[in-house]
Amino acid sequence: MSSPLPSHARAVVVGGGVIGCSTAYHLARLGWKDVVVLERKQVSCGTTWHAAGLITTLRDTEAQTKLATYSLKLYQDLEAETGQATGFIRCGSVQLAMSADKAEEMRRGCAMARTFGVENHEITPAEVKALFPHAYVDDLVAGFHFPNDGRVNPADVAQALAKGARQLGVKIIENCLMTGLITEHGRAVGVHTEHGDIRAEVVVLCPGMWGRDLGLMTGIDLPLQAAEHYYLISEPIAGLHNKLPILRDPGRAAYAREEAGKIMLGFFEPVAAPWGVDGISKDFCFDEIQPDWERMEPYIEKAMQRLPILLETGIRQFFCGPESFTPDHNYLMGRAPYIDRLFVACGFNSLGILSGGGAGHVMAQWINDGVQPMDIWDVDVRRIQPSHNNKNFVVARTYESLGIGYQMHWPNRQWETARNVKQSVLHDRVKAAGACFGESAGWERPNWYARPGQKAEYEYNFERQNWFDNNAAEHRAVREAVGVFEQSSFGKILVQGRDAEKVLNLIATADMAVPVGRVVYTHFLNKRGGVEADITISRLADDKFLILTPAFTCTHIKAWLHDHTPADACCVVTDMSSAWAMLNVQGPRARHLLSSISTAKFDNEAFPYATWQNVEIGFQTALCMRLSYTGEVGFELYIPTEMALPVYDQLIAAGADFGLAHCGYHTLNTLRVEKAFREWAHDMGPVDSLLDAGLGFTCAWHKPGGFIGRDALLAQRDAGPLKRRLVQFLLDDPQPVLVHNEPILRDGVRIGQTTSAGYGHTLGASVAMGYLECAEGVTPEFVAAGSYRIEQANRVYGARASLTPMYDPKHERAMG
Ligand SMILES: Cc1cc2nc3c(=O)[nH]c(=O)nc-3n(C[C@H](O)[C@H](O)[C@H](O)COP(=O)(O)OP(=O)(O)OC[C@H]3O[C@@H](n4cnc5c(N)ncnc54)[C@H](O)[C@@H]3O)c2cc1C
């Protein structure tokens, strides 16, 4: 051990890689005095020491871009602060496009990155050559130059962060293995180590590729798997200098940069090799992996063609080190579910150096403030469902996930490995009906239905994909007749007990003191008024409520209930998701279809909007809710799993007379976006105020005891007109297909990006949503006064903006 183990610390950070050091450094910068880092061997000895050190800021999402741009600045400034160099060189980077499709993808990504302040320019192949004279450019369509990107020496970054942390009072203890978590009453209160225990107010796990094992030890799901990760270093090449830009070459699944007068050539091969599947040696410390030349040879050959000089130059070193990858190629950060005061940050998918500064910053602020400082849902550990942590699943997905960053990022691209984890009981039926499945939270869900004779497979492109017409027909069926959506993946969470109403009234915005039979649309908020959940809650009995939520939010919702249920409340939460299948029948003929197979009455009087009833269909009984996420009259049938097949069969048999169409999730999206119904994690999230999202109507402002987040919303309400509001956009041009993340321009100025989008087949063009901001208030007059354009790649399209839904603004159809 490098220093004696204290008996107590305010925070214990486990892991002395770049992430642990950065988290400790940022906690200390926030004034935390008593922080201890525990490292099982030596600082940076896991994965950090051997990284290539690329700090490239074009990332897939806003959150990841922000983490990278923060790191870039931090690594530049750290030497002045700590006296320890990070090896930062602002060499810039160039991403290469070998096909028109890749160029289109890059133009879209670059447009988004510019919204977040990342400077970039499209350049010609000749200009690529001018920047990197050794590059072969004849097969290029375009290059994209990021002049501010840079590179670092990762081991030095970790040391600089560690030194900065020590200077601020952090104690870093090496050769000290954490062997267990100490919990009391569901709360982390310290750790066991090989040298004794430390009590702590907060525990932060930053264990890199040991994450899954540590998660199993502490009771949380941290699905990640190490894989072989390679680069080679050439012999010296005359004329190379360290200002040569980093070349990222997705078409050849490789990157290159200068390294002390040599070329470093690194690989993101499309089929990877998981490593350490049976465990990682206890003694691992600055270790390397024996390279598999045979497996890598084709990739090396292909990559070297980009820099033909390498074909004549010897290889000085062929390096292989382990890095961990997650099943969706996103990090695992944030508050661990179900264990209070426990935080995690691991699974960085070979982006840990470039994200490390920002990740530590976010973690520290989150720990300090109790609320995340920015929207990081795409990397939040609470998106993980227990099924993700199945070892076989994680390993199988790793073959694909390592290389995914360098593959084509098609809209709606689906994972190809480790599929069919969860199938609804209706899976075979809807497959036979032509379903083309997409995956969400492990579930196979019908995204669209093929016509007879058409293959139920995606053909990706950036325009209208092969399912566009199918989607149009499904969309029309719901608007004009009736459609059925198979939505069994929905999360169904029972909240029961004497205090269930009291607990939900504290956590949810709406008044839950409603009669049995009511369905309430409501939200969970954090203390800043940010939206943590967008759900319905049905009162099934005096002491029994049912929460319905999309599958990908299940862990988050359950953990949120766990976090905010008072300790003395008599209230139990049970995940019943597997107990019910769900068929959602939507459209003006929905009630006629259901009336034909059930004795229940589905008219307005007998079955008002936002209520539920048990309805009998044949010998089966289903819990039926009248709700609409499509803008039409609709009924959701929650059917005991074992009764789902007969109900489905009766529905389909009767449906022929009513024009019933099978409809997929793409159609649910195009319908709801036309109606401006919000989607959580797209149109609103933990840092978006409920009022800004236009959903303040769900708040029962005066209910006794208030609700979490009410004070923040009241303060915002009292401060005058809202300065930020979610707005719906409709393109003037009927041709383009918006996806989301497209920059929005108001009067020629980039002011944000679309949060979600889809083709409005009824409105006749792409529809999107996005936030407008104005210091004097986003009033209807302000919205009407602007001229709007939406940018996609290098093209801009005129758009109309509206604060109210452009389809059925008075909500008459769903209520009719
Ligand atoms: C070949 C290669 C090239 C790469 N290139 C880049 C790049 O160019 N840019 C980039 O951004 N990223 C790159 N990466 C990825 C980057 O190195 C990682 O994402 C990053 O280092 C992860 O940092 P970490 O702190 O999460 O993990 P680690 O550095 O592995 O740190 C985790 C630490 O936790 C310690 N630990 C684990 N369990 C315990 C325990 N029970 N008790 C105490 N301590 C424990 C370990 O000993 C380890 O030191 C590359 C990776 C490889 C392999």
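Filter region 758-810 down to residues that are open to solvent by less than 30 Å² (accessible area, probe 1.4 Å), charged (D, E, K, R) and in a strand (DSSP E or B), then give me how many there are.
1
Given the residues L668, L651, which is the only one that is at pLDDT 95 or above and either over 28 Å from T762 (Cα atoms) or open to solvent by less than 10 Å² (accessible area, probe 1.4 Å) (or both)? Full working, then the answer.
Values: L668 fails: either over 28 Å from T762 (Cα atoms) or open to solvent by less than 10 Å² (accessible area, probe 1.4 Å) (or both).
Residue meeting the stated conditions: L651.
Taking the conditions exactly as written (in contact with a strand residue (DSSP E or B) (Cβ under 8 Å, 6 or more places away or on another chain), away from the ligand (no atom under 15 Å from the Cβ), open to solvent by 20 Å² or more (accessible area, probe 1.4 Å) and not in a helix (DSSP H, G or I)), does R10 satisfy them or not? Don't jump to the end; show me each part of the working.
Details: in contact with a strand residue (DSSP E or B) (Cβ under 8 Å, 6 or more places away or on another chain): yes; away from the ligand (no atom under 15 Å from the Cβ): yes; open to solvent by 20 Å² or more (accessible area, probe 1.4 Å): yes; not in a helix (DSSP H, G or I): yes.
Judged against the criteria, R10 is a match.
Looking only at region 326-365, which residues are more than 11 Å from the ligand (Cβ to nearest atom), open to solvent by 10 Å² or more (accessible area, probe 1.4 Å) and in contact with a Pro (Cβ under 7 Å, 6 or more places away or on another chain)?
Result: Q365, single match.
Within region 366-392, count every residue that is assigned to a helix (DSSP H, G or I), away from the ligand (no atom under 16 Å from the Cβ) and touching a Gly at 6+ places or on another chain (Cβ under 8 Å). It would help to see each step written out before you state the result.
First, pick out the residues of region 366-392 that are assigned to a helix (DSSP H, G or I): 366-369, 377-379, 381-383, 386-389, 391-392.
Going one step further and asking which of them are away from the ligand (no atom under 16 Å from the Cβ), we end up with 366-369, 377-378, 382-383, 386-389, 391-392.
Among the residues that remain, those that are also touching a Gly at 6+ places or on another chain (Cβ under 8 Å) are: 366, 377, 382, 387-389.
Going through region 366-392 one residue at a time, the tally reaches 6.
Every residue, every condition in (1) at pLDDT 95 or above; (2) open to solvent by less than 40 Å² (accessible area, probe 1.4 Å), yes or no:
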position: E105; (1), (2): yes, yes
position: A111; (1), (2): no, yes
position: E127; (1), (2): yes, no
position: A130; (1), (2): yes, no
position: V137; (1), (2): yes, yes
position: G150; (1), (2): yes, yes
position: P154; (1), (2): yes, yes
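Table: residues versus (1) outside any strand (DSSP E or B); (2) open to solvent by 10 Å² or more (accessible area, probe 1.4 Å); (3) in contact with a strand residue (DSSP E or B) (Cβ under 9 Å, 6 or more places away or on another chain).
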| site | (1), (2), (3) |
| --- | --- |
| D197 | no, yes, yes |
| G215 | yes, no, yes |
| L222 | yes, no, yes |
| Y231 | no, yes, yes |
| P236 | yes, yes, yes |
| K243 | yes, yes, yes |
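With the checklist (1) more than 16 Å from the ligand (Cβ to nearest atom); (2) touching a residue at least 12 places away in the same chain (Cβ under 8 Å) in hand, flag the one item D60 doesn't pass.
Among (1) more than 16 Å from the ligand (Cβ to nearest atom); (2) touching a residue at least 12 places away in the same chain (Cβ under 8 Å), the lone unmet condition for D60 is (1).
Under the condition of being open to solvent by 20 Å² or more (accessible area, probe 1.4 Å) and more than 9 Å from the ligand (Cβ to nearest atom), which residue from region 199-213 is nearest to the chain's Cα centre (by Cα)? Break it down stepwise before answering.
Let us first name the residues in region 199-213 that are open to solvent by 20 Å² or more (accessible area, probe 1.4 Å), namely 199, 201, 208, 210, 212-213.
From the residues that got through so far, the ones that are more than 9 Å from the ligand (Cβ to nearest atom) too are 199, 201, 212.
Details: R199: 33, E201: 29, R212: 19 Å.
Filtering first and then ranking leaves R212.
Do we have L177 as touching a residue at least 60 places away in the same chain (Cβ under 8 Å), under 28 Å from Q290 (Cα atoms), crowded, with 19+ Cβ neighbours inside 10 Å and not small (G, A, S) here? Walk me through how you get there before you give the answer.
Numbers: touching a residue at least 60 places away in the same chain (Cβ under 8 Å): yes; under 28 Å from Q290 (Cα atoms): yes; crowded, with 19+ Cβ neighbours inside 10 Å: no; not small (G, A, S): yes.
The answer is no for L177.
Please count how many residues of region 537-561 are open to solvent by 10 Å² or more (accessible area, probe 1.4 Å) and more than 22 Å from the chain's Cα centre (by Cα).
Of the residues in region 537-561, 6 are open to solvent by 10 Å² or more (accessible area, probe 1.4 Å) and more than 22 Å from the chain's Cα centre (by Cα).
Return the residues of region 617-644 that are buried (at least 22 other Cβ atoms within 10 Å of the Cβ) and among the polar types (S, T, N, Q); say none if nothing qualifies.
S628, T630
Restricting to region 588-616, and then to whatever is part of a loop (DSSP other than H, G, I, E, B) and open to solvent by less than 30 Å² (accessible area, probe 1.4 Å), can you tell me which residue is farthest from A653 (Cα to Cα)? Give the steps one after another, and end with the answer.
Within region 588-616, the first condition is being part of a loop (DSSP other than H, G, I, E, B), and the residues that meet it are 588-589, 599-610.
Keeping just the survivors that are open to solvent by less than 30 Å² (accessible area, probe 1.4 Å) gives 600, 602, 607, 610.
Values: A600: 18, F602: 19, F607: 24, A610: 27 Å.
Among those residues, the one meeting the criterion is A610.
Mind checking which residues of region 22-67 are in a helix (DSSP H, G or I) and touching a strand residue (DSSP E or B) at 6+ places or on another chain (Cβ under 7 Å)? Break it down stepwise before answering.
Taking region 22-67 first, the residues in a helix (DSSP H, G or I) are 22-29, 48-50, 62-67.
Correct list: T23, A24, L27, A28, H50.
Quick test for you: out of K431, K455, pick the one residue that is open to solvent by 50 Å² or more (accessible area, probe 1.4 Å) and either outside any loop (DSSP other than H, G, I, E, B) or not basic (K, R) (or both). Outline the logic, then answer.
Details: K455 fails: either outside any loop (DSSP other than H, G, I, E, B) or not basic (K, R) (or both).
Selected residue: K431, the only one of K431, K455 that is open to solvent by 50 Å² or more (accessible area, probe 1.4 Å) and either outside any loop (DSSP other than H, G, I, E, B) or not basic (K, R) (or both).
Looking at region 182-195 only, could you name the residues that are part of a strand (DSSP E or B) and surrounded by 15 or more Cβ atoms within 10 Å (Cβ to Cβ)? Quick ask: steps written out before the conclusion?
In the first step, residues of region 182-195 are kept if they are part of a strand (DSSP E or B); the result is 182-184, 187-193.
Hits for region 182-195 are I182, T183, A188, V189, G190, V191, H192, T193.
So which of K66, K33, K102, K129 is away from the ligand (no atom under 13 Å from the Cβ) and free of Cβ contacts under 8 Å to residues at least 12 places away in the same chain?
Details: K66 fails: free of Cβ contacts under 8 Å to residues at least 12 places away in the same chain; K33 fails: free of Cβ contacts under 8 Å to residues at least 12 places away in the same chain; K102 fails: free of Cβ contacts under 8 Å to residues at least 12 places away in the same chain.
After ruling out the rest, the residue left standing is K129.
I'm trying to understand the selection: among the residues of region 307-322, which are more than 16 Å from the ligand (Cβ to nearest atom), out of contact with any Phe, Trp or Tyr (no Cβ under 9 Å at 6 or more places or on another chain) and not acidic (D, E)?
Looking only at region 307-322, we keep the residues that are more than 16 Å from the ligand (Cβ to nearest atom), and these are 307-314.
Keeping just the survivors that are out of contact with any Phe, Trp or Tyr (no Cβ under 9 Å at 6 or more places or on another chain) gives 309-314.
Once the filter is applied, which keeps residues that are more than 16 Å from the ligand (Cβ to nearest atom), out of contact with any Phe, Trp or Tyr (no Cβ under 9 Å at 6 or more places or on another chain) and not acidic (D, E), region 307-322 yields I309, L310, L311, T313, G314.
The values are calculated or read from the model by the stated rules, or taken from the named source; none is laboratory data. Quick caveat: nothing in here was measured; it's all calculated off a predicted structure. Methodologically, a virtual Cβ is constructed for each residue, glycine included, from the backbone with ideal geometry; neighbour enumeration extends over all protein chains shown. Only protein heavy atoms, including side chains, enter the accessible area calculation; ligands, DNA and RNA are left aside. Shrake-Rupley method; radii C 1.70, N 1.55, O 1.52, S 1.80 Å.
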